[in-house]
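This report refers to the structure that appears directly beneath it.
The values are calculated or read from the model by the stated rules, or taken from the named source; none is laboratory data. Quick caveat: nothing in here was measured; it's all calculated off a predicted structure. Note that we place each Cβ from the backbone using ideal geometry, even for glycine, and neighbour counts take in every protein chain shown.
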Amino acid sequence: MKLIDLHIHSTASDGSLTPTEVVNRANDLGLTAMALTDHDTVTGIDEALEAAKDLDMEVIPGIEVSCIYKGKEIHILGLYIDHTDKAFLDFLDQAEIKRNSRNQLMLAAFQKDGFPITMEDLVMENPDTVVTRAHFARALVKKGCVSSVDQAFKKYLDPDRPYYRKREIITPAEAIQAIRNAGGFPVLAHPCLYRLGWMQTEELVRNLKELGLGGMECWHSSNYAEESNKLCRMADRYSLLPTGGSDFHGAAKPDIRIGSGRGNLQVPAEYLDALKLAMFLGQ
């Protein structure tokens, strides 16, 4: 069976492998296609496309856009985006300004309480990276403040923890429209991670469908089989295309592998064919 992975991160945001390394690993694992979906940035796409030019594997230009829904952060994947579109790049520039403002607030809070981390620790010799909470977590591990990235999130960085700061709002409507305007296909990422419960998850999906959502990530490394099955049925009810991906980050999530997640993830290539057909038909 031909397999795909439509949710992968690189050093362009909070992954630990470069775009080239990600592409080569996905190819070595025998994937038919992969999407590079870094957080709020497309800076790794050209490198990924170059790395794949002589490979028998498709690299899909993608992104994962963070936005706020009813006070909660959610993520919208954009697949097959035109990563050179000026309006889309302007949109990302504004997102970066909002993200940087949040990062400065978080860094100031840590430093005020005596944590020995600096912006240099966060970018880790890659000044072009998009700094996320995972960068804070890795810096805390490196400085010996916590023993693992997971502990850093649970103790300091999760939304209910003392050093979490909300970002200025990008709405789901803005994210979906920006992706559509750049020729992309918008997909709700990992619905179960938001811990909304099934009724509120369905309300979220219904609202996003009205805003132009095209698909839903029904298969994800964090899902149990029953959850994926429920998401598939929900996607069908709202005429959304099911997609899936590992959400690979490398060292930040060492138990997650490209293409197979935590060992039980398989996304057949036929779902990518359905997505391409939907885009061709303008859905």
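Miscellaneous remarks
- Check on Arg133, among the basic types (Lys, Arg), touching a helix residue (DSSP H, G or I) at 6+ places or on another chain (Cβ under 7 Å) and closer than 25 Å to Met216 by Cβ: yes
- Residue in segment 52-70 that is outside the structural domain of Arg133 (by TED's automatic domain parsing), closer than 24 Å to Asn126 by Cβ and modelled with pLDDT under 95 present: yes
- Restricting Ala173, Ala178 to residues that are touching a Gly at 6+ places or on another chain (Cβ under 9 Å), buried (at least 18 other Cβ atoms within 10 Å of the Cβ) and part of a helix (DSSP H, G or I) narrows the list to Ala178.
- Segment 12-40, residues that are closer than 22 Å to Ala95 by Cβ, in a loop (DSSP other than H, G, I, E, B) and at pLDDT below 95: Ala12, Ser13, Asp14, Gly15, Asp40
- Search result, residues across segment 1-29 that are surrounded by fewer than 18 Cβ atoms within 10 Å (Cβ to Cβ) and either in the same structural domain as Arg102 (by TED's automatic domain parsing) or in contact (Cβ under 8 Å) with a residue 60 or more places away in the chain (or both): Met1, Lys2, Leu29
- One residue stands out among those in segment 253-283 that are touching an Asp or Glu at 6+ places or on another chain (Cβ under 6 Å) and buried (at least 16 other Cβ atoms within 10 Å of the Cβ): the one that is farthest from Glu21 (Cα to Cα), which is Gly259.
- Single condition Thr243 does not satisfy, out of (1) farther than 30 Å from Asp85 by Cα; (2) crowded, with 22+ Cβ neighbours inside 10 Å: (1)
- Which numbered condition Ser147 misses (of (1) without any contact (Cβ under 8 Å) to a residue 12 or more places away in the chain; (2) assigned to a helix (DSSP H, G or I)): (2)
A quick yes/no check of all residues on (1) buried (at least 18 other Cβ atoms within 10 Å of the Cβ); (2) assigned by TED's automatic domain parsing to the domain that holds Val65; (3) over 18 Å from Lys253 (Cα atoms):
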| site | (1), (2), (3) |
| --- | --- |
| Ser101 | no, no, yes |
| Met106 | yes, no, yes |
| Ala109 | no, no, yes |
| Pro127 | no, no, yes |
| Val130 | yes, no, no |
| Arg133 | yes, no, no |
| Arg138 | yes, no, no |
| Lys142 | no, no, no |
| Val149 | yes, no, no |
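- Members of segment 169-197 that are without any contact (Cβ under 8 Å) to a residue 40 or more places away in the chain and under 22 Å from Ser222 (Cα atoms): Cys192, Leu193, Arg195, Gly197
- Odd one out for Ile117 among (1) in contact with a helix residue (DSSP H, G or I) (Cβ under 8 Å, 6 or more places away or on another chain); (2) in a helix (DSSP H, G or I); (3) not assigned by TED's automatic domain parsing to the domain that holds Ile256: (2)
- For segment 17-42, the tally of residues that are within 14 Å of the chain's Cα centre (by Cα) and small (Gly, Ala, Ser) stands at 1.
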